[in-house]
Amino acid sequence: MKRILFIFLDGIGIGPEGGQNLFGSEDLKGFNTLAAGHSWTEEDFKAVSTSNHVVRSIDANLGIPGLPQSGTGQATIFSGVNCAQLAGRHYGPYPHSTSRPILATDNVYHKVARIRGAHSSRFLNAYPDQFFERAKQRDRWSVTTRCCLDAQMHISSLDDLESGMAIAADFTGAGLQRFVKRDLTIIDEKQAATRMSDLAQMQSLSVFEYFHSDKAGHAQDHTQAKSVLGLLDRFFQALIQTINFSNTTLVITSDHGNLEDVSVKTHTRNPVPLIAMGPSAYAFDAVRDLSGITPAILRGLHPTE
C-alpha cells in the first residue's frame, strides 16, 4: 500500500544567491540531495520531473498582493482551496474566518479518510500541556492542529513523545525540554529520522510540521539560522537513508518564504520548494502553487493510481 510522509517546513522560500541567503553559502548535503544535487537557491534550484522524483519551485502568493502569511497559506496547503483568494488577502498566523468552514469539513485528513478509511492519517508532532491549555482557552489553534481537531484526529502529547509515538517539533526534544517541567528523553536527528520513518509505515498519510525555520527567519539571527539549517540538514540526510521508498513518498513544501533572506524580518514573496521522492512522486508533477498539494496527495494515495 502506498504511503505519503509530508514534511511541512514553515517559512522557507527559494531566493537569489548571495546577500543573506544561507542556502547558497552553507554545505547542506541533505537539502541538496532532496533537490537532485542542487542548492535551494533561485539560480541553482532546477526542476526535476521523473516518476519517482519531482523538484520544482511553486507559487505561494496565490494571486494576492502583499506578503504571504501562514494562516491563509497553510489553509490552502491543507485543503486544496485558495484560501488567500477566498479571504481577499493574506492572513495569519491563524486560520481566517473564511477558511474555517472548509477546514471543518473538507481538509486533507477528511479527504484521505474518504479514500483510505478512518484513522488513515496521523499528525506526528507532540505538544506540551501548556499548548493545549492556551489553545483551548483562546480557541486559537494553528492550521495544522485545527485540521486535526476538525477531522477528530488525535494530537500527540508528551506522553506520546515519551512512548516513541510522536516527535518533538525540534526533532530532538532538546528545545522542548527548556519549556516543560518533566524530564524528556533527548534523541539525535538520526534517531528522529528513524522514528519518523517507522511511524510513517503505520498509516497512509503522515504529517510533520517544522516551524523553527520561520522563527529563525523572523529573528534575523545568523547563528540561529545556521543552527536550524544544520539540524534540518542532518535530519534530512538520515531520513533519506531510513525511509522506506518502496512504498513511501516523501513530500516537502512550505507556506511562504522567510529564512532564505535573513536581512528582512518579514516573510518574502519568493516561490517555495516542492520536493516529492518515492513511488507516488509523479502525482505532484502538475503542482504549480500551494493549492495543488492536497489534490496531489490524494492522487498519490488513490488505490487506482
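Miscellaneous remarks
- When Ile115, Ile64 are checked against the criterion of being over 25 Å from Phe235 (Cα atoms), assigned to a loop (DSSP other than H, G, I, E, B) and in contact (Cβ under 8 Å) with a residue 12 or more places away in the chain, a single residue qualifies: Ile64.
- Some residue of segment 273-288 being touching a residue at least 60 places away in the same chain (Cβ under 8 Å), within 17 Å of Gln74 (Cα to Cα), surrounded by fewer than 19 Cβ atoms within 10 Å (Cβ to Cβ) and not hydrophobic (A, V, I, L, M, F, W, C): yes
- Yes/no for Thr144 being part of a helix (DSSP H, G or I) and touching a residue at least 40 places away in the same chain (Cβ under 8 Å): yes
- Residue in segment 27-50 that is closer than 20 Å to His267 by Cβ and either in contact with a Cys (Cβ under 8 Å, 6 or more places away or on another chain) or free of Cβ contacts under 8 Å to residues at least 24 places away in the same chain (or both) present: no
- Number of positions in segment 78-112 that are in a helix (DSSP H, G or I) and either touching a strand residue (DSSP E or B) at 6+ places or on another chain (Cβ under 7 Å) or among the basic types (Lys, Arg) (or both): 4
- Residues of segment 147-163 satisfying the condition of being part of a loop (DSSP other than H, G, I, E, B) and either farther than 28 Å from Thr98 by Cβ or at pLDDT below 95 (or both): Ser157, Ser163
The values are calculated or read from the model by the stated rules, or taken from the named source; none is laboratory data. Just so it is clear, the model here is predicted, and its values are computed rather than measured. Ideal geometry is used to build each Cβ from the backbone, glycine not excepted, and the neighbour counts take in all protein chains shown.
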